[in-house]
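Each remark here refers to the structure printed beneath this line.
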Amino acid sequence: MTMTIFTNAKLADGLLRDIHVENGRITAIEPVSPQSAGSHNIDIAGELLVPGFVEGHIHLDTSFYGGKWVAHRPCTNGFDVHERVAFQADNMARAEPMAERAIRQLELCIGHGALQMRSHVMVDGSVGLKSLETILAVRERYREIIDIQLVAFPQSGILKSPGTPELLDEAIGLGADLVGGLDPASFDRDVTAHLEVVFGVAQRRGVDIDIHLHEGGSMGAFTIEEICARTEALGMQGHVAISHAYGLGDLAPDAARKIAARIAKAGISIMTNAPGHHSFPPVALLRAEGVNVFSGSDNIRDSWWPYGDGDMLRRAEIIGYRSGFFTDEDLTVAFDIVTNAGAKALRLEGYGIEVGAKADFVALKAAHVPEAVVGFPPGRRVFKAGRLVAEAGKVRLASG
Ligand SMILES: [Zn+2]
């Protein structure tokens, strides 16, 4: 394969550089050379070149994005996970085919520059492995333009939904990359038994863990401590993520700092999408204690809420907005959460704009990273392995 030079690329440090790419990898980063303007080469024209965004938490199986509008149904009494799951089952029974919906959502994300993704897919007694089979096929179809990790997600609980422990194990055999969990105390009402299954599958199959935890306050903190203890006992530091961890946002700063140190010691990553309707983890405090915080869109126009646009830059802005981030340094933190921190949580190899890394990057019309976070500019060019895969929101290489 011939070498391609991406010339006049502005990097995060503000310098204009030529990025040499061969066989999908960055082989050199050089000062701009006038000779680089050849026909094989691509002119970035002084735009900001950043690594592809890490969409670290999404649900490809449940979105209605791009299809018929599904009006949100409020819970009868505040936020209730059980009721939401029931509404979702009802909506899904009448939804368009899952593959079509998943592809629309996937292309939305790629168009904005997501090139790495972790999607949770429902695996439980009601849907069995059907959703996973559909999403595995979608992943295969898009494998050359986005890397997708799939989490076997027990949306209906593990203990409350008969057959789920066995299904989670089978899901890994079928091709899921991680095992998930859901509110061990508030949903399944048995933290020990729930975590026994999750960590059991992870140990048996040698996979990582990403647990949904909506539990608030001290209940959430208790479950987090239990997850930390198991992670350390099994030597799984760096292989476990907790998604949402809303409870961390309910704690007083001293208590939050104490548990943050515990989470950091266990090497657990925390995912937040900075939801608008209740408390969420204190991002700056967690980072100060050494916790890796990453992000994702989570639900996009589905049975949980009508929001979401699949743009991880917009997500960085929301995290910054809700966290009281104002300085350039703060905005750069928000950017780190949707790029490098995501790569760390997903344990991605070859991530970043550096020699030896994969040539997965996005060219943006922004002067620098802080401006990209507050402006989330349109008209992006998205490159996977050095090939243009999306431009101005349109995916170009979808096969079929
Ligand atoms: Zn989720």
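The values are calculated or read from the model by the stated rules, or taken from the named source; none is laboratory data. Only a predicted model underlies this, so the values are computations on that prediction, with no experimental measurement involved. Every residue, glycine among them, receives a Cβ derived from its backbone with ideal geometry; neighbour counts consider all protein chains shown. Note: areas computed on protein heavy atoms with side chains; ligands, DNA, RNA excluded. Shrake-Rupley method; radii C 1.70, N 1.55, O 1.52, S 1.80 Å.
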Restricting attention to the stretch 29-86, and to residues there that are farther than 24 Å from residue 102 by Cα and assigned to a helix (DSSP H, G or I), which single residue is nearest to the ligand (Cβ to nearest atom)?
-> 36
The condition from (1) part of a helix (DSSP H, G or I); (2) more than 30 Å from residue 388 (Cβ to Cβ) that residue 155 misses is numbered (1)
If a residue has to be open to solvent by less than 30 Å² (accessible area, probe 1.4 Å) and not hydrophobic (A, V, I, L, M, F, W, C) to count, how many in the stretch 56-95 make the cut?
-> 9
Within the set of pairs 6+ apart or on separate chains, which have a first residue in the stretch 203-229 that is in contact (Cβ under 8 Å) with a residue 12 or more places away in the chain, a second that is open to solvent by 60 Å² or more (accessible area, probe 1.4 Å) and among the basic types (Lys, Arg), and C-beta atoms under 7 Å apart?
-> 225/262; 228/262
If residue 39 passes every condition in (1) crowded, with 17+ Cβ neighbours inside 10 Å; (2) modelled with pLDDT under 95 but one, which one does it miss?
-> (1)
Exclusive hit being part of a helix (DSSP H, G or I), farther than 26 Å from residue 270 by Cα and more than 16 Å from the ligand (Cβ to nearest atom), set 103, 145, 110 = 103
Any residue in the stretch 288-308 that is touching a Pro at 6+ places or on another chain (Cβ under 8 Å), within 16 Å of the ligand (Cβ to nearest atom) and under 12 Å from residue 248 (Cα atoms)?
-> no
